[in-house]
Amino acid sequence: MDYRIPEDIVEDIRIHSDIVENISEYVSLQRKGKNYLGLCPFHSEKTPSFTVTPDKQMFYCFGCHAGGNVFSFLMKKENWSFPETLEHLAHKYGIMLPEKELSPREKEHQAHKHRWEELNELATLYYHDILMNRPEGEPGRQYFAKRGVGPQTLKAFRLGYAPDRWEGLLETLASRGVRPEELAEAGLAIEKKNTEGNVNRGYYDRFRNRVIFTILDSRQKPIAFGGRVLDDSLPKYLNSPETTFFSKGHHLYGMDKAYQGIREFEFALLAEGYMDVIALQQAGFTNAVASLGTALTKDQARLLRRYTRRIVVAYDSDQPGVQAALRAGEILGEAGFRVDILSLNGAKDPDEYLKTIGNEKFKEALLQAKPYIEFKYQIYAQEHPVSSAPEKKELVGELAEDILKVTSPVEREGYERFLSLELGLTLESIHLEIESKDKNKRKNQRKSEYSLANQDISVKNRDNINRYVNPVPSAITVPNGVLRAERILLRLLLEQLVPFDQIKAELGNNFWKLPIHQQLFNAIGEIHLQNRTGIPNNVSEELQSLIANIMVEETDVSHPEKLFQDCLHQIRSVQSEETVEELQTRMVALEKSGDVAGAMALLKEIGERLKSGEK
């Protein structure tokens, strides 16, 4: 379902999908007054802080601040997209969804994809059945038993075994009407060629005499396979080739289960191998994932960013593993993650560490994981011992680019102090050396392209609005009274107690102090433009959480007009006192949040104030 479903049908699905009924399938809820309480499914807790409010059809956790409606709960819990969630609920409650009229080309593509999915499912069933039930699967059973993989894990990960036969899969699926050409196109079989490489002499199975690791997508559907030999054959690992519908750089092994664990642990544990992930998840570290037989890619980093901002890299402890960890740390750092590197002293990989040293020691090792920059320093210092001033300069230069990517001033200074202590140099000299490597800073000093954030609108230069200078600080201080007034206005809008046009007529579009309040107001405005009312459905997780937080708050809205007038008075009294510098700060925050139109409106107001001589 990659087409837009009419909003009236979306609303019909929401009305029929009782939130208590749906959440109760995942959480044990206890009625407390008019609400329900339970242990939050999105983070670990012992005292219930997860609240479901039936009359508002919202949920909110006062611990981790997850919140939203029935759609956002299922999207977060099941890792579904919005269309997938709608499809699930529509099927559950017997609501018909409209069929999209496809072009002949789209129909052909869709049919091709469905067939590809079917073939992968049939192959998974074949490999798994061989492993679990057939005599020829005994080598695979012995391998997994030796590696400590239990029956439940074999089933949960849909593990399998490809027998030592050239046409085992081909012959089995031929009885199901599957042609060899189809299996070859899906990457499950290989075409035989003559010595000149141009005459088809038949087909043979791609995977033979290998244990099979099934790659599952977010819907837990098989999309590819990894096979490991049980003898000295090469290659040791063989993976599915890339096809029209599968690119290994876009997926992570174990993510179909780990997304929930990542949210609970609040970080992802990134390993190298399939067995590492299986061993870690079996041992209770349900946040473990691995790349698919390749170095970590930027697309895989983007996938991880959906669930966390922190990664602990748990690669092999040998030299290739260390170098791979450094490369992964660089990619993850560029993607904005906090990256820590786990050192597994006494074992070659997480699987061996858990078996020989144990779970508790692994937990202790996790607590000792080093920040990526400190780990990189340690490795560099081991490989290139430093003592002279030039050597120290070179080492600082080696780390400068990584440190410059750190956005937090506190964290950046922490790394500079670390280097200062390690190298016996002053903090100032370390800071100056790193700053000298800042290519972006030198580039920014030369460029003169337009940017709202760079435009000088300070009172000292009010006669020269078109000059370009460095951005002003973006921190916003919001008086509690205004914050409260904005939240009440949003509550009145969400409950349709005050018309959208009335608020817009009184205050305009861009009076909001907090950018996220502006974003929610804009989302409500989009609904209004479509001649609809109610709560926005398909919005970001952050906005869903804000909506839930506002809606579950104990607020007396029995006199909405009086509340509205009180809010107007509070906001206008502060607006009249707002200085140009404060407007400038708010404008920069709006631009950073992506609301360029709002920022431009404030820029216009600032310009008018400056022309009138205001300071």
Taking region 387-429 as the search range and keeping residues that are of a type in the set (Val, Ile, Thr) and under 22 Å from Val339 (Cα atoms), which one is farthest from the chain's Cα centre (by Cα)? Val396
Please report, ordered by residue number, the strands (runs of 3 or more DSSP E) entirely within region 155-211 with at least 1 residues that are polar (S, T, N, Q) and either in contact with a Pro (Cβ under 7 Å, 6 or more places away or on another chain) or open to solvent by 40 Å² or more (accessible area, probe 1.4 Å) (or both). 200-205
Would you check which residues across region 317-330 are touching a residue at least 24 places away in the same chain (Cβ under 8 Å), open to solvent by 40 Å² or more (accessible area, probe 1.4 Å) and not small (Gly, Ala, Ser) and list them? Asp318, Arg327, Glu330
Every listed condition ((1) assigned to a helix (DSSP H, G or I); (2) closer than 19 Å to Leu543 by Cβ; (3) modelled with pLDDT of 90 or more) holds for Pro83 save (3)
Residues of region 1-60 that turn out to be open to solvent by less than 20 Å² (accessible area, probe 1.4 Å), more than 20 Å from Lys92 (Cα to Cα) and among the aliphatic types (A, V, I, L, M), as a count: 1
Checked region 266-290 for anything assigned to a loop (DSSP other than H, G, I, E, B), of a type outside the set (D, E, K, R) and open to solvent by 10 Å² or more (accessible area, probe 1.4 Å); matches are Phe267, Gly273, Ala283, Gly284, Thr286
Residue check for Gln530: open to solvent by 30 Å² or more (accessible area, probe 1.4 Å), at pLDDT below 90 and under 33 Å from the mean Cα position of the chain (by Cα): yes
Which of the residues belonging to region 552-567 are modelled with pLDDT of 90 or more and surrounded by 17 or more Cβ atoms within 10 Å (Cβ to Cβ)? Leu563, Phe564, Cys567
Which residues, taken from region 79-132, are closer than 30 Å to Ile19 by Cβ and acidic (Asp, Glu)? Glu84, Glu87, Glu99
All conditions in (1) of a type outside the set (Asp, Glu); (2) under 23 Å from Arg179 (Cα atoms); (3) modelled with pLDDT under 95 are true of Pro104 except (2)
Phe521 passes all but one of the listed conditions (1) modelled with pLDDT under 90; (2) more than 17 Å from Ile606 (Cα to Cα); the exception is number (1)
Among helices (runs of 4 or more DSSP H) lying entirely in region 342-429, which contain 3 or more residues that are open to solvent by 60 Å² or more (accessible area, probe 1.4 Å), of a type outside the set (Asp, Glu) and more than 23 Å from Gly321 (Cβ to Cβ)? 389-404, 409-423
Qualifying residue in region 291-299 (condition: surrounded by 21 or more Cβ atoms within 10 Å (Cβ to Cβ), closer than 26 Å to Cys64 by Cα and not aromatic (Phe, Trp, Tyr)): no
When only residues in region 61-75 that are open to solvent by less than 30 Å² (accessible area, probe 1.4 Å) and assigned to a helix (DSSP H, G or I) count, which is farthest from Ile535 (Cα to Cα)? Leu74
Condition (residue is among the hydrophobic types (A, V, I, L, M, F, W, C) and outside any helix (DSSP H, G or I)) applied to region 294-304: is it met by at least one residue? yes
Which condition number does Met75 fail, the rest of (1) farther than 23 Å from Asp256 by Cα; (2) touching a Ser or Thr at 6+ places or on another chain (Cβ under 7 Å) being met? (1)
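The values are calculated or read from the model by the stated rules, or taken from the named source; none is laboratory data. Predicted model, so just to flag it, every value in this text is computed and none were measured. When we count neighbours, we look across all protein chains shown, and the Cβ atoms used for this are built from the backbone with ideal geometry, even at glycine. Heavy atoms of the whole protein, side chains included, go into the accessibility calculation; ligands, DNA and RNA do not. Shrake-Rupley method; radii C 1.70, N 1.55, O 1.52, S 1.80 Å.
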